[in-house]
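Report on one structure; see the data block that follows.
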Amino acid sequence: MIHFAARRGVRALGVLLLVAVLAMSTPMMLPGSPALAALGLEATDEEIAAFNDKYNLGADPFTRLWNWLDGLVHGDLGTSIITDAAVTGQLAERLPVTLELVLVSLAVALVIALPVALRAAWRPGSVLDRVSQVLAFVLLSMPGFVLGMLLIYLFAVVLRVLPATGWVPFSEDPLGHLTHLILPVTTMALAEAAVYLRALRADADEVLDSTYIHAAQARGMKPARLLLARALRPASLPLVTLVGLNLGMALGGTLVVETMYAIPGMGRYVSTAIGQRDYPVIESTTIILAAAMVTATLLVDLSYRLIDPRIAHVARS
Amino acid sequence: MSLAAEAGRDVHAAVRATRRRRRLDTAATTVAAGWLIVLAVLTLVSIATPLLDPYFQDFTSAKLEPSLAHPFGTDGNGRDVFARTVAGAQNSLVVAVITLVVGAVGGTLIGVAAGYFRGALDNVIGFLIDAVLAIPALLLIITIVSFRGPSITSIGTTIGLLMIPAFARVTRSIALTVRERDYVKAAVLIDTPTPRILVKAVLPAVAPALVSYAFTAMTAAIVAEGSLSFLGYGLAAPAPSWGGIIAEGRADLATAPWITLAPALALAATVMAITTIGERAKERYS
């Protein structure tokens, strides 16, 4: 297990390093220099050098990555070319917003998907089973921005019960915070729930048909206990993968939802930065998002063996 | 006797359930195919005739409700939303086709190479794929398209390039198993040239999975293009694309919801139709 974890860890670091070098190469993807674009064509060599030095530009990707890592150790992720503010501070404001969005949606999605999937697998072909399958299919066919627009139209325009867009910090107005959270969270949670529902429903079907489940049932075990204590763990492998990958991608995946609902999180931050060619912001966020993804993949890989020890046995023999 | 009768009833019920599901499947496939055919015909009409002009503006008839003359109403500039939706379908489908070609060809080459030759090549390819998948796809698409300038070809090839890892994974796993089959081992033993084995044995084995996955990839491409346009990084303003029209209609959601809802529902229906037909293809080929 330790050997396996170490090997995977080294590989993950390698992947991250490659991504970091690629991210540091973004200014080279466009002709022209950011310094000339910002300072104008009459800029002196000294001015250009000072500009490049301040924003960590101009050098080759490896040197720039080295400078970036040096800053990282000191808690400095560079300076935004557009706003001239420290990227570290801007991220510290936006990261909690996105994290809240992601974690609350995940919780809601699981609260919807788990009981419905298990109940549906318990009675295949029942009304609940058929309705949930059709709903999952419809939700899976809707991209985030389509589902979001429908929700906004229904709840903000027709029923007028929820705000269409905007974000209120919890410290300012807890109730307003909650009402502004409902639509974006619903948009994300419904799409996720559909994915989880399908994965869990498919696997639970197989697990419920195994001998030990029939035996437990014959002994008189209550369905709820049977489903949660016996069937959930073996059926949850793909679910763990999906949840893990989803958490890894989520920081980048909130991009559409954050833009649609005007939420000041990571996704909107980085998409604005791309439009403005704000290289220090693009680079730092890309590396951070990739680090989240790589870590999530690694944890998923390792958790497999904890959930199902048989996998480690097969790998060894 | 009662036991036998009961068992018989059960069998009959099961047979009826299967038949009902088959009928439902057939009906769903028919509706799905019908929708795509209607879309294709309308696209042809829009290309070949001036009947459906997505750019024609008439400011005296802005934000008209859906009617016989304008089935989906008109937008804030007095353009026909139906014509724009049809033109948007055309752009979505062209992007999807370019994506498919780039992703399937690139992914098959890379995946088959990794799965068939294994060893160091497989490791290097796996490492590169991990690196691509580590960056959020939409972020990467926006960056590349924004830097290359948004055109149908740049959007299509960029999404296609990012589709390569998924295609490579599908084809690699099949190439791995094909390699172990007896007829391939025999071919290797009698010194059959490797390209011939790849074309005659590996490619036919990979093809069914490729076809099944192509439908999923197509819907992913349509969604990616829509998200890109919705965020404002897709085709530039007057050009009609589903994501773009939906975003344009946002400001008028209270006064003219049809501008947003029509393309949104068309997009969802198209994704559903392609998925439905894809599931049939998957059943047939597996």
Next item on the list: Take region A:51-73 and flag every residue that is surrounded by 18 or more Cβ atoms within 10 Å (Cβ to Cβ), aromatic (Phe, Trp, Tyr) and assigned to a helix (DSSP H, G or I).
Entry: A:Phe51, A:Trp68
Note to self: Looking for something within 14 Å of chain A (Cβ to nearest Cβ), buried (at least 23 other Cβ atoms within 10 Å of the Cβ) and either charged (D, E, K, R) or within 29 Å of B:Ala62 (Cβ to Cβ) (or both) - is there at least one such residue anywhere in region B:267-275?
What the structure shows: yes
Checklist line | Single unsatisfied condition, A:Ala35 versus (1) surrounded by 13 or more Cβ atoms within 10 Å (Cβ to Cβ); (2) at pLDDT 85 or above | finding: (2)
Notebook entry, point to check: Restricting the search to region B:131-167, which residues are surrounded by fewer than 22 Cβ atoms within 10 Å (Cβ to Cβ), closer than 15 Å to B:Val94 by Cα and in contact with a Leu (Cβ under 8 Å, 6 or more places away or on another chain)?
Noted result: B:Pro150, B:Ser151, B:Ile152
Check: Tell me, which helices (runs of 4 or more DSSP H) wholly within region B:140-216 include 1 or more residues that are under 18 Å from the mean Cα position of the chain (by Cα)?
Finding: B:152-179
Next item on the list: State which residue is farthest from A:Ser236 (Cα to Cα) when the search covers only region A:93-126 and only residues that are more than 20 Å from the chain's Cα centre (by Cα), open to solvent by 60 Å² or more (accessible area, probe 1.4 Å) and more than 14 Å from chain B (Cβ to nearest Cβ).
Entry: A:Arg119
Next item on the list: List every residue pair whose Cβ atoms lie under 9 Å apart, where the two residues are 6 or more positions apart in sequence or sit on different chains, the first residue falls within region B:83-94 and is closer than 13 Å to B:Gly234 by Cβ and acidic (Asp, Glu), and the second residue, located anywhere, is open to solvent by 10 Å² or more (accessible area, probe 1.4 Å) and at pLDDT below 90.
Entry: none
Next item on the list: May I ask you to say which residue of A:Arg7, A:Arg11 is under 23 Å from the mean Cα position of the chain (by Cα) and open to solvent by 40 Å² or more (accessible area, probe 1.4 Å)?
Entry: A:Arg11
Check: Can you tell me which of B:Pro71, B:Pro54, B:Pro66 is touching a Lys or Arg at 6+ places or on another chain (Cβ under 6 Å), assigned to a loop (DSSP other than H, G, I, E, B) and open to solvent by less than 80 Å² (accessible area, probe 1.4 Å)?
Finding: B:Pro54
Next item on the list: Determine which single condition A:Met249 fails, assuming it passes every other condition in (1) without any contact (Cβ under 8 Å) to a residue 60 or more places away in the chain; (2) open to solvent by 50 Å² or more (accessible area, probe 1.4 Å); (3) more than 10 Å from every other protein chain (Cβ to nearest Cβ).
Entry: (3)
Notebook entry, point to check: Name the pairs: first residue in region A:13-32 and touching a residue at least 12 places away in the same chain (Cβ under 8 Å), second residue outside any helix (DSSP H, G or I) and surrounded by 13 or more Cβ atoms within 10 Å (Cβ to Cβ), Cβ to Cβ under 7 Å, at least 6 apart or on different chains?
Noted result: A:Val19/B:Ile135; A:Pro27/A:Leu57
Notebook entry, point to check: Consider B:Trp242 against the criteria (1) of a type in the set (A, V, I, L, M, F, W, C); (2) more than 14 Å from chain A (Cβ to nearest Cβ); (3) over 23 Å from B:Gly126 (Cβ atoms): it satisfies all of them except one. Which criterion is unmet?
Noted result: (2)
Next item on the list: Out of B:Ile144, B:Ile152, report the one residue that is within 19 Å of B:Ile98 (Cα to Cα), more than 9 Å from chain A (Cβ to nearest Cβ) and among the hydrophobic types (A, V, I, L, M, F, W, C).
Entry: B:Ile152
Check: From the residues in region A:155-170 that are at the interface with another protein chain (Cβ under 10 Å from one of its Cβ atoms) and part of a helix (DSSP H, G or I), which one is nearest to A:Ala262 (Cα to Cα)?
Finding: A:Ala156
Notebook entry, point to check: Do we find that A:Leu151 is aliphatic (A, V, I, L, M), outside any helix (DSSP H, G or I) and either exposed (fewer than 13 other Cβ atoms within 10 Å of the Cβ) or in contact with a Leu (Cβ under 8 Å, 6 or more places away or on another chain) (or both) in this structure?
Noted result: no
Next item on the list: Out of A:Val300, A:Val257, report the one residue that is in contact (Cβ under 8 Å) with a residue 60 or more places away in the chain and over 30 Å from B:Ser229 (Cβ atoms).
Entry: A:Val300
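Residues of region B:250-265 being small (Gly, Ala, Ser) and buried (at least 22 other Cβ atoms within 10 Å of the Cβ), which ones?
Across region B:250-265, the qualifying residues are B:Ala262, B:Ala264.
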Item checked: So B:Gly119, is it under 30 Å from A:Val21 (Cα atoms) and buried (at least 22 other Cβ atoms within 10 Å of the Cβ) -> no
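The values are calculated or read from the model by the stated rules, or taken from the named source; none is laboratory data. Keep in mind the model is a prediction, meaning the values are calculated, not measured. Positions of Cβ are generated from backbone atoms using ideal geometry, with glycine treated the same way; all protein chains shown enter the neighbour counts. What goes into the accessible areas is simple: the full protein's heavy atoms, side chains included, and nothing from ligands, DNA or RNA. Shrake-Rupley method; radii C 1.70, N 1.55, O 1.52, S 1.80 Å.
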